[in-house]
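The values are calculated or read from the model by the stated rules, or taken from the named source; none is laboratory data. Treat the numbers as computed from the prediction; the structure is a model and nothing was measured. Counting neighbours? That spans all protein chains shown, and the Cβs are built from the backbone with ideal geometry, glycine included. Note: accessible area is taken over every heavy atom of the protein model, side chains too, but ligands, DNA and RNA are not part of it. Shrake-Rupley method; radii C 1.70, N 1.55, O 1.52, S 1.80 Å.
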Amino acid sequence: MEYKVGVISGDGIGPGVVAEAKKVLDHVGEKYGHTFCYTEILMGGVSIDATGEPLTDEAIEQAKASDAVLMGSIGGNTQTSPWYQLPPNLRPEAGLLKLRKALNLFANLRPAYLYEELKEACPLRDSIIGDGFDMMIMRELTGGLYFGERETKEIDGVMTAKDCLTYNENEIRRIAKRGFDIARKRRNKVTSVDKANVLDSSRLWRKVVEEVAEDYPDVTYEHMLVDNCAMQLVKDPKQFDVILTENMFGDILSDEASMVTGSIGMLSSASLNDTKFGLYEPSGGSAPDIAGKGIANPIATILSAAMMLRYSFDLDEEASAIEQAVKQVLKDGFRTIDIMPQDESEKQWVTQIGTKDMGNKICERI
Ligand code: IPM
Ligand code: MG
């Protein structure tokens, strides 16, 4: 089969890690008889530099014409990059938000999994880690605070900023259903996270989740307040299977969950709509401080490519082959700098390698 893959290399470490993911895809293609045709799509800082906008209409059309889009990362140093002198709607991140909305990518799946081999990189104590953890953060991605009305203006001589958090029941229902569906393919547990002790939007969230839960009697579910969830993630991460939550809470909790696994450089994500189309990107950011040094961890992007094979192209065997190869590379002791053990005595067991070598080693194991 031939698949049309839109590629957003983006900024910072983006181009470097995307190059490795393409290398792995091409390798899978050769082995299993598929062809991946890539179209480079501009978004983020590179798009601002080339066109003055973080995402042009042409870029949106290119994404829509693709079977799926693979993305690296966008954005730069918010303190020093000239992109952040621009009005907010012209900054790199605005491009990503616009793309998610334009393609209706409401369901964001962020798996957080502790690899046996990376226990040393996990900041938690052994007694908390136990035999590891494996959770899926389901983040609502096109509603809430990030898409509400916002403005900054002077009221009675005082500068005042406003951001609106709105959800309607349909937006909540469709992500809740996805969350319960995914739980059925995992360990049948949903933890719905909200702030229902304060927010109206959270009280509606809770009510709709309860309605949806009635159709899934085989899935256990619970509600958890977001501040408690932040604590539970470091206190006892094993308790979670699917964490179902709104946009901003999911943004924050998914970064926390990823750090608990040792490195944000390991975590993939998929953003899906009602069709087979998806946008696949590492959960981490553009890491401008290490861009161009050849040391970034490409595994999150490579695993995002695996998610693309599984969710958009139904190529489960090929996706598993990539995931197994990643595990094997770790087993064989290869590490990028971000997942090196902290303890000096552990370092003798592993070999530190760069971005390209990591891509090569994964290909060799497919
Ligand atoms: C993420 C990022 C984005 C978000 C930013 C870049 C707009 O932090 O994907 O988690 O907040 O959604
Ligand atoms: Mg984020």
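In a shell of Cβ-Cβ distance under 12 Å around ARG310, excluding ARG310 itself, what net charge do Lys and Arg (+1) and Asp and Glu (-1) give? Don't skip to the end; give the middle numbers.
On the way: positive: LYS185, LYS276; negative: ASP314, ASP316, GLU317, GLU318, GLU323.
Summing Lys/Arg as +1 and Asp/Glu as -1 gives -3.
With all protein chains present, calculate the accessible area of TRP205 using a 1.4 Å probe and round the result to the nearest 10 Å².
It works out to around 10 Å².
Have a look at the DSSP beta bridges in the chain and tell me what percent are antiparallel, nearest 5.
Values: 19 of 48 bridges.
Approximately 40 percent, going by the DSSP bridge assignments.
At R0 = 45 Å, how high is the FRET efficiency between MET1 and ARG125 if r is their beta carbon distance? Nearest 0.05 is fine. Before the final figure, lay out the partial values.
Values: r = 47 Å, r/R0 = 1.04.
Plugging the Cβ-Cβ distance into 1/(1 + (r/R0)^6) gives 0.45.
Place a label point 7 angstrom from the Cα of ILE252 along the Cα-to-Cβ direction, then list the residues of the range 179-201 whose backbone nitrogen is under 14 Å away.
The answer is 193-199, whose backbone nitrogens lie closer than 14 Å to the label point.
Grab the Cα-Cα distance for ASN104 and ASP26, subtract it from 0.36 nm times how many residues apart they are, and report the gain in nm with one decimal.
25.2 nm
Pull out the extension gain between HIS223 and ASN197, defined as 0.36 nm times the separation in residues minus the alpha carbon to alpha carbon distance; nm, one decimal. It would help to have the intermediate numbers written out before the result.
Details: separation 26, 0.36 × 26 = 9.36 nm, distance 1.14 nm.
Additional length available on full extension: 8.2 nm.
In whole Hz, what ³J(HN,Hα) sequence does the range 116-128 give by Karplus (6.51, -1.76, 1.60; θ = phi - 60°), x for Gly and Pro?
3, 5, 9, 3, 5, 8, 6, x, 8, 5, 3, 5, 7
Using a 7 Å offset from Cα along Cα-Cβ at ARG186, what residues in the range 110-148 end up with backbone N under 19 Å from the label point?
110-116, 129-142
Compute a Gaussian network model of the chain, connecting alpha carbons closer than 10 Å, and tell me which residue from ALA257, ALA213, ALA306 fluctuates the most.
Comparing ALA257, ALA213, ALA306 in a Gaussian network model of the chain, the most mobile one is ALA213.
Straight-line reach from LYS327: which lysines fall under 18 Å, measuring Cα to Cα and dropping same-chain residues less than 8 apart?
LYS23, LYS119, LYS356, LYS361
With the Cα gyration tensor of the chain in hand, convert its eigenvalues to equivalent ellipsoid semi-axes via √(5λ) and list them largest first in whole Å.
Working: eigenvalues 181, 139, 94 Å².
The answer is 30, 26, 22 Å, longest axis first.
Just to be sure I understand: with springs between alpha-carbon atoms less than 10 Å apart, which residue in LEU233, LEU279, LEU70 has the highest mean-square fluctuation in the Gaussian network model of the chain?
LEU233
Whole-Hz Karplus ³J(HN,Hα) for the range 178-191, in order, using 6.51 cos²θ - 1.76 cosθ + 1.60 and θ = phi - 60°, x for Gly and Pro?
Per residue, the Karplus-derived 3J(HN,Hα) values read 4, x, 5, 4, 5, 4, 4, 8, 10, 10, 6, 9, 10, 10 Hz.
Using a 1.4 angstrom probe with every protein chain in place, what is the largest-first accessible-area order of TYR113, TYR146, TYR84, TYR280? Mind showing how you got there, number by number?
Values: TYR113 80, TYR146 55, TYR84 25, TYR280 0 Å².
Solvent-accessible surface, decreasing: TYR113, TYR146, TYR84, TYR280.
Using a ≥ b ≥ c from the Cα gyration tensor of the range 1-127 (square roots of the eigenvalues), is it rounded, prolate or oblate, where a/c under 1.5 gives rounded and otherwise the larger of a/b and b/c decides, a/b for prolate?
The shape class here is oblate.
Only Cα pairs within less than 10 Å get springs; with that Gaussian network setup on the chain, which residue of LYS101, LYS189, LYS347 has the largest fluctuation?
So, out of LYS101, LYS189, LYS347, the one fluctuating most is LYS347.
Along the Cα→Cβ direction, 7 angstrom out, place labels at GLU116 and GLU151. What is the inter-label distance in nm?
5.9 nm
Would you mind getting me the FRET efficiency between GLN239 and GLU344? Use the beta-carbon distance for r and R0 = 35 Å, nearest 0.05. Write down the numbers at each step before the final one.
Working: r = 33 Å, r/R0 = 0.94.
Given R0 = 35 Å and the Cβ-Cβ separation, E is 0.60.
At 7 Å along the Cα-to-beta-carbon direction for both TYR84 and ASP314, put a label point, then send me their distance in nm to one decimal.
Rounded to a tenth, the inter-label distance reads 4.5 nm.
Figure the gain on full extension for GLU40 and LYS356 (residue separation times 0.36 nm, minus the Cα-Cα span) and round it to one decimal in nm.
Working: separation 316, 0.36 × 316 = 113.76 nm, distance 1.98 nm.
Gain in length upon complete extension: 111.8 nm.
So who's got an amide H within less than 5 Å of the one on GLU40, skipping anything under 5 residues away but keeping other chains? H placed 1.01 Å off N, in plane.
Distant-sequence amide H within range of GLU40: VAL7.
Post the alpha-carbon centroid distance, the range 316-366 to the range 1-72, in whole angstrom.
Each part reduced to its Cα centre gives a spacing of 24 Å.
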